[in-house]
Amino acid sequence: MKFGYFDDAKREYVITSPRTPYPWINYLGTQGFFSLISNTAGGYSFYKDARLRRITRYRYNNVPIDMGGRYFYINENGTVWNPGWSPVKTELDFYECRHGMGYTVITGKKNGLKAEVTFFVPQDYDGEVQQVVLTNESDAMKSFSLFSFAEWCLWDAQDDSNNFQRNFSTGRVEVKDSVIYHKTEYRDRRNHYAFYSVNEPIDGYDTDRDSFIGLYNGFGDPQAVLAGKANDSFADGWAPIASHYKKITLAPGETKTLVFILGYVEMPVAEKFEADGKTINKVKALSMIAKYDTPAKVAAGMAELRAAWDKLLGILNVSTPEDKVDRMVNIWNQYQCMVTFNLSRSASYFESGIGRGMGFRDSNQDILGFVHQIPDRAKERIIDIASTQFPDGGCYHQYQPLTKKGNADIGGDFSDDPLWLILSVSAYIKETGDWSILDEMVPYDNDMSKAQTMLEHLKVSFYHIVNNLGPHKLPLAMRADWNDCINLSCYSDTPGESFQTYTNPKFKAEGGYSKVAESVMVAALFTYTGPNYVAILKHLGKDDEAKAAQDAIDAMKKAIMDSAWDGDWFLRAYDANGEKMGSKECEEGQIFIEPQGFAIMSDVGKEQGTDLKTLAAIDERLNTKFGLVLNNPAYSKYYIQYGEISTYPGGYKENAGIFTHNNAWIICAAAYAGQGDLAFKYYSEIAPAYTEDTSDIHKTEPYVYGQMIGGKDAGSDIGRPGKNFGQGKNSWLTGTAAWNMVAISQYILGIMPDFDGLKVDPSIPAEWDGFKASRQFRGATYNITVKNPNHVCKGVKSLTVDGKAVDGNVIPASNGGVHEVIVTLG
Ligand code: GLC
Ligand code: GLC
């Protein structure tokens, strides 16, 4: 069952019912100011950091769901409604929500009155613009009142949600003309405030939540709206809000447009106040308001936003036999990559924005799907991330985007973290050909006095693995690897201990984690990632270092084959007792997905046919119609030696859920191994556009990936299997976005930036006749036509650039221009 449709020409998903199976959201803003907006206008805004600089308040996991947002209320002769249906939930005569690239348009109609609201964050602007267009479509005069609504968060979202003894007394606002300012703590240590404005005189306002809503009412029946009149309330502590009140009369056919702005301002300390020393200096706010105070200016801002996205999405554009592939590659997957680049795993409807900032591994992986869009921003981010590394190559697992400092409470010792830096730096060089990133001086632990070149950071990253091997010469598993929930040193038996940070006394003397437990996943990630480091060293003429690094990679491959090949697939780990994890010998959890793809892609044991054997085992044991589960059989009890993974009921999350991020690695590996049909099968099982028809089962947005889909085992432990199989969770902020962008564009369609140029090596369904793509790369544009006359999956028979044959399948980087590339498979 569907709840809308794709409008590809406009790059929008059009939602036609407000009762989606879960709030379906969009992200506004890509630079400093961000808003989340659901299809009923729920959500919240923040500046740069969802935890430390929250602008509007949001209550997660509310009853009913998705309460709180920016709301417009209309009261026409006692009929009260919202253009987005919620929170009043008056049945509308028409409802539509269009989520587009950086904007959302919500339209509602009731009794001949139409309200169309466009929400967007303009380019280079710290605010959300909301244009409300009201049209009287009836034959009679209409008089009604319009109320806006936003609830301020007292800046630090964490503190705001629990420090009530203080916060109920600190809230402060100012009202001047049609602008309501939120200035809590501005008097003392803060130099920022927020405002909510409208471009016309108003008939009243409210700034105190209890006056506007009423202590015993809710968002769905605010007292002031029901009364049809604002109170002009002035907040003094408690919960400051901003609500404008306006009386409107429209003749038949008449339209009225109002522009509201929810903005954020930072002031230099010396200029914080007006001459009286206490009134806030409004100069910046007023100039922000002036920038979008007419419909014409709003239209110009929207046009600028569209142009920015035209440019971004013009870099890679494909035309394949599947329109679902085209809409993922050309529109939604790239869009999601921008969002994950900006927000890592911090703020969504599942990530509360108070839990974590940017992740070292997460943000490095996000680069892979984003780097072609704005390489300069990718570079800046890579440097920020690398700055939270330690001199020995270890690193803070997370950091706060506002301070760019590592989070000490989470700390480090995640065994996979350093390797992702090698991958992101390589991706940056491959995209841009800009080797100078290696010369950048980058601090350790944010301390510039300890800065070293980025190349040195790569070296310590590489050797952090080599220097931390266990008894089988495989990398130590430490607190966790990519799978946060495989915690082989935790041995926790007390509720509340964090599986990732708790140090069991047993391993205290050894430095906090077992020196026996080893990760095969990290071993395979090392053999997959390492060759990039070798290529970089060779490029720099450091042949001895390159040879040493290659030797370490070869030794790792040998160690994997000696100790981690289980006969039909690769093991997952050795636990702290030296026992195998992810082996046929295990009672449960016999096969895991994570090491397999990387091992296949680095040819570990290829001469013994490990690649095809492993793919066959994965297909048999892990595949389902909704994607590949993470492990099988699911754990049905708590294994203290494995940690968090076995705390999840089977079929969910890391315990046999369909954790879509790692599905991409198998899609890449199948494509790499020449199995284009298989790769495409796995791709189409999870790509959101393919889940649209089953939105009632999938629940989350059909235009973006989520972190997890309920696996085949979901509910089986309670005798109720099947119900949640295929159900999505944790949409938007997931490494799946970047990795599936890589999987479809670089491995399946095979357009892969390499150090020396643009490689074209498709691995597609045999039935395809071919496809077309256009790719801007290092200043040139390549119009690529792939022909598949013999209906193979993989194998480039010939490649011509502007009619001239090229040896091999790498298009050498050229100096600009537009080039016609013909690739024939066979
Ligand atoms: C989450 C985390 C990511 C981790 C994954 C698997 O998506 O953000 O860092 O790799 O879970 O545990
Ligand atoms: C990741 C995992 C999740 C785990 C968390 C711990 O997000 O997906 O299952 O609880 O990390 O930080």
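Filtering region 507-525 to residues that are away from ligand 1 (no atom under 16 Å from the Cβ) and farther than 17 Å from G578 by Cβ leaves K508, A509, G511, G512. Among the residues of region 72-125, those identified as acidic (D, E) and either buried (at least 24 other Cβ atoms within 10 Å of the Cβ) or free of Cβ contacts under 8 Å to residues at least 40 places away in the same chain (or both) are E91, D93, E116. So which residues in region 273-282 are touching a strand residue (DSSP E or B) at 6+ places or on another chain (Cβ under 7 Å) and over 20 Å from A242 (Cα atoms), if there are any at all? Scanning region 273-282 gives a single hit, F273.
On the stretch given as region 251-280, residues that are free of Cβ contacts under 8 Å to residues at least 40 places away in the same chain and either closer than 19 Å to L113 by Cα or part of a loop (DSSP other than H, G, I, E, B) (or both) total 4.
Looking at the structure I just gave you, is V792 part of a loop (DSSP other than H, G, I, E, B), within 25 Å of the chain's Cα centre (by Cα) and of a type outside the set (S, T, Y)? No. Out of D392, D384, one residue alone is assigned to a loop (DSSP other than H, G, I, E, B) and acidic (D, E). It is D392. Give just the number: which of (1) closer than 19 Å to I709 by Cα; (2) part of a strand (DSSP E or B) does P721 not satisfy? If we test P721 against (1) closer than 19 Å to I709 by Cα; (2) part of a strand (DSSP E or B), just (2) comes out false. For region 531-549, check the following and say yes or no: at least one residue is in contact with a Lys or Arg (Cβ under 7 Å, 6 or more places away or on another chain), of a type outside the set (D, E, K, R) and surrounded by fewer than 20 Cβ atoms within 10 Å (Cβ to Cβ). Checking region 531-549: at least one residue is in contact with a Lys or Arg (Cβ under 7 Å, 6 or more places away or on another chain), of a type outside the set (D, E, K, R) and surrounded by fewer than 20 Cβ atoms within 10 Å (Cβ to Cβ). Put simply, of N655, N730, N631 the only residue that is more than 23 Å from the chain's Cα centre (by Cα) and within 14 Å of ligand 2 (Cβ to nearest atom) is N631. Applying the set (1) more than 16 Å from ligand 2 (Cβ to nearest atom); (2) closer than 27 Å to D717 by Cβ; (3) polar (S, T, N, Q) to Q675 leaves exactly one unmet item: (2).
Can you tell which of S731, S774 is of a type in the set (S, T, Y) and more than 16 Å from ligand 1 (Cβ to nearest atom)?
So the residue among S731, S774 that is of a type in the set (S, T, Y) and more than 16 Å from ligand 1 (Cβ to nearest atom) is S774.
Screening A239, A308 for residues that are over 30 Å from H99 (Cα atoms) and in contact (Cβ under 8 Å) with a residue 12 or more places away in the chain leaves exactly one candidate, A239.
Restricting attention to region 346-360, and to residues there that are under 19 Å from N483 (Cα atoms) and buried (at least 24 other Cβ atoms within 10 Å of the Cβ), which single residue is nearest to ligand 1 (Cβ to nearest atom)? Ranking the candidates gives G359 first. Among residues belonging to region 361-388 that are of a type outside the set (S, T, N, Q) and within 10 Å of ligand 1 (Cβ to nearest atom), point out the one that is farthest from the chain's Cα centre (by Cα). Going through the qualifying residues, I end up with R361.
Could you grab me the full set of residues in region 497-522 that are more than 13 Å from ligand 2 (Cβ to nearest atom) and either in a loop (DSSP other than H, G, I, E, B) or among the hydroxyl-bearing types (S, T, Y) (or both)? Selection gives T503, N504, A509, E510, G511, G512, Y513, S514, K515, V516, A517, S519.
Here N663 passes the criteria (1) under 22 Å from G722 (Cβ atoms); (2) more than 13 Å from ligand 2 (Cβ to nearest atom); (3) assigned to a loop (DSSP other than H, G, I, E, B) except the one numbered (3).
Please verify whether W739 is within 16 Å of ligand 1 (Cβ to nearest atom) and touching a His at 6+ places or on another chain (Cβ under 7 Å), treating the condition exactly as stated.
yes
For region 424-439, the condition of being over 28 Å from E594 (Cβ atoms), without any contact (Cβ under 8 Å) to a residue 40 or more places away in the chain, surrounded by fewer than 17 Cβ atoms within 10 Å (Cβ to Cβ) and more than 16 Å from ligand 2 (Cβ to nearest atom) holds for at least one residue. One residue stands out in region 480-496 among those that are in a loop (DSSP other than H, G, I, E, B) and among the hydrophobic types (A, V, I, L, M, F, W, C): the one that is nearest to ligand 2 (Cβ to nearest atom), namely C485. Taking first residues from region 737-756 that are part of a loop (DSSP other than H, G, I, E, B) and partners that are among the hydroxyl-bearing types (S, T, Y), the Cβ contacts under 9 Å between residues at least 6 apart in sequence or on separate chains come to L749/T320; L749/S763; G750/S763; F755/S426.
K311 meets each of the listed conditions (1) within 20 Å of the chain's Cα centre (by Cα); (2) surrounded by fewer than 19 Cβ atoms within 10 Å (Cβ to Cβ); (3) not aromatic (F, W, Y) apart from (1). For region 607-623, the criterion of being touching a helix residue (DSSP H, G or I) at 6+ places or on another chain (Cβ under 7 Å) and assigned to a loop (DSSP other than H, G, I, E, B) is satisfied by no residue at all.
Kindly indicate the residue of region 676-708 that is more than 16 Å from ligand 1 (Cβ to nearest atom), among the aliphatic types (A, V, I, L, M) and in a helix (DSSP H, G or I) and also nearest to the chain's Cα centre (by Cα) among those meeting that condition.
So, considering only residues that are more than 16 Å from ligand 1 (Cβ to nearest atom), among the aliphatic types (A, V, I, L, M) and in a helix (DSSP H, G or I), the one nearest to the chain's Cα centre (by Cα) is A689.
Could you check how many residues of region 761-789 are in contact with a Lys or Arg (Cβ under 8 Å, 6 or more places away or on another chain) and outside any strand (DSSP E or B)? Adding up the residues that qualify gives 4.
Conditions: (1) surrounded by fewer than 21 Cβ atoms within 10 Å (Cβ to Cβ); (2) under 31 Å from the mean Cα position of the chain (by Cα). K606 meets all but one. Number of the miss? Of the numbered conditions (1) surrounded by fewer than 21 Cβ atoms within 10 Å (Cβ to Cβ); (2) under 31 Å from the mean Cα position of the chain (by Cα), the odd one out for K606 is (2). Consider region 174-198 and keep the residues that are closer than 30 Å to T249 by Cα and of a type in the set (A, V, I, L, M, F, W, C). The one that is farthest from the chain's Cα centre (by Cα) is V175.
Among the residues of region 42-88, the one identified as within 24 Å of S145 (Cα to Cα) and of a type in the set (K, R) is R70. Filtering region 574-592 to residues that are surrounded by 14 or more Cβ atoms within 10 Å (Cβ to Cβ), in contact (Cβ under 8 Å) with a residue 40 or more places away in the chain and polar (S, T, N, Q) leaves only Q590. Pairing each residue of region 482-506 that is over 21 Å from N662 (Cβ atoms) and within 16 Å of ligand 1 (Cβ to nearest atom) with any residue that is hydrophobic (A, V, I, L, M, F, W, C) and modelled with pLDDT under 95, provided the two are 6+ apart or on different chains, yields C-beta distances under 9 Å for S498/I410; T501/I410. Considered as a group, the residues in region 732-766 that are among the charged types (D, E, K, R) and more than 17 Å from V318 (Cβ to Cβ) include one that is surrounded by the most Cβ atoms within 10 Å (Cβ to Cβ), and that residue is D754.
The values are calculated or read from the model by the stated rules, or taken from the named source; none is laboratory data. The shown structure was predicted, so the numbers you read here are calculated from the model rather than taken from an experiment. Every residue, glycine among them, receives a Cβ derived from its backbone with ideal geometry; neighbour counts consider all protein chains shown.
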